[in-house]
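Read through the structure below, which is laid out as structure tokens, and then see the notes.
What follows is calculated from the coordinates using simple rules that are stated; it is not laboratory data. Nothing here was measured: the structure is a model prediction, and the numbers come from that model. Cβ sites come from the backbone with ideal geometry, for glycine too, and all protein chains shown count toward neighbours.
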Protein chains: 2
Amino acid sequence: MQRTRFGDMVCSIARTLDVVGEPWSPLIVRDVWVGITRFDQIQADLGISTKVLTERLKWLVEQGVLERRAYSLRPLRHEYVLTEKGGELCAILMAMTAWGDKHAAGDAGPPVLLRHRDCGQLTHAEVRCACCGELLRGDAVDVEPGPALTA
Amino acid sequence: MQRTRFGDMVCSIARTLDVVGEPWSPLIVRDVWVGITRFDQIQADLGISTKVLTERLKWLVEQGVLERRAYSLRPLRHEYVLTEKGGELCAILMAMTAWGDKHAAGDAGPPVLLRHRDCGQLTHAEVRCACCGELLRGDAVDVEPGPALTA
């Protein structure tokens, strides 16, 4: 099965794709991120089948990206919230938003704007070097074998 | 067709997924990024069928992520290189690498290490606010309607 295959690759990109590598999963995480947290809300927003959404939510909970939480006890009702791992995954979604805003939004401009709560400004995500803080692009780094390849 | 669907969504995440949203495309971009640039090399590295790789490369060239370039005239041979748009897409791959290294690498540790050419250090990507420079997580931003939604 393709899913197992990507997770087995010794590559952190492939392993991240194994968690959120078919198109629906990142959009489900996006929905939960922006406050669309209940099954029926997510289903209505994405136009996704009950079967596929059930499978995807189960998978994202198993992977520790989302947590299923009761928001009503009588009747018992659940919603989905981001775990810490899921909150960090949103950083990737924000980097995708910045790229899509720049390269795929066309004349209509960005669909949504992001306001950073801490600084209060409308902003976008930048991917920067953890050491020197410079913007990172593909041609700015060299790739070297890591522990999992040299072991 | 699913491809058209995601590209039609008024969402920069969905539109980015439309370009690189099935698992092979990001791994093809990854290969070209790290210097695996020829058809037969990519095919050997990924174990992907000729048909699928041909389709994916054609799509990524059409989308302006990769460029097909002759590296030999006699005999005529081509390789693939990143465009500027593709180089910026690698920033997302680096953010995925950082997340996968942290959350999916296990005890074996990171498969590869990234060395930033400018500062010379082994590094990882951080996703930061373009305004204040703080690290971004999902719960740090509010989403507001942008031009494409309010028009």
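Here the residues B:Arg68, B:Arg15, ranked from fewest to most Cβ neighbours within 10 Å of their Cβ, fall in the order B:Arg68, B:Arg15. Projecting the Cα positions of A:Thr54, A:Cys131, A:His78 onto the charge dipole of chain A (unit charges on Cβ atoms of Lys, Arg, Asp and Glu, taken about the Cα centre) puts A:His78 furthest along the positive direction.
Look at the stretch A:47-56: the mean tally of other chain Cβ atoms within 10 Å of its residues' Cβ atoms is 0. Database remark: amide H of A:Val141 closer than 5 angstrom to the amide H of B:Arg117 (H placed geometrically; neighbours at sequence offset of 5 or more, or on other chains; Pro and chain starts carry no H). For the residues of A:80-90, the average number of beta carbons from a partner chain within 10 Å of their own beta carbon is 4. Set against the 2.2 N^0.38 Å expectation for a compact globular protein, the protein assembly as shown has a Cα radius of gyration ratio of 1.00. Axis of helix A:84-103 versus longest Cα principal axis of chain A: the two differ by about 70°, to the nearest ten degrees.
If you take the square roots of the eigenvalues of the alpha-carbon gyration tensor of the stretch A:3-151 and sort them as a ≥ b ≥ c, do you get rounded (a/c under 1.5), prolate (a/b over b/c) or oblate? Oblate shape, in that a/c is at least 1.5 and b/c is the bigger or equal ratio.
Rounded to the nearest 10 degrees, what's the angle between the helix B:24-33 long axis and the longest principal axis of chain B, both from Cα atoms, 0 to 90? The two axes meet at around 80 degrees.
Taking other C-beta atoms within 10 Å as the exposure proxy, A:Arg115, A:Arg56 rank A:Arg115, A:Arg56 from fewest upward. Using a cutoff of 8 angstrom between alpha carbon atoms and counting only pairs six or more residues apart, the relative contact order for the stretch B:39-143 works out to 14 percent. Inter-copy label distances at B:Leu122, using a point 7 Å along Cα-to-Cβ, come to 4.2 nm with the shortest given first. Note on A:Lys102: aspartates and glutamates with a C-alpha under 18 Å away, same-chain residues under 8 apart excluded, are A:Glu126, B:Asp8, B:Asp18, B:Glu62, B:Glu84, B:Glu88, B:Glu144. Calculated mean residue ellipticity, 222 nm, the protein assembly as shown: -14000 deg cm²/dmol, from DSSP H runs (n ≥ 4) at -39500 (n - 2.57) each, averaged per residue and rounded to 500. By the gyration tensor of its Cα atoms, with a ≥ b ≥ c the square roots of the eigenvalues, what is the shape of the stretch A:1-91: rounded for a/c under 1.5, prolate for a/b over b/c, or oblate? Taking the square roots of the gyration eigenvalues as a ≥ b ≥ c, the stretch A:1-91 is prolate. Between B:Val81 and B:Leu149, the FRET efficiency from the beta-carbon distance, with R0 = 35 Å, is close to 0.45.
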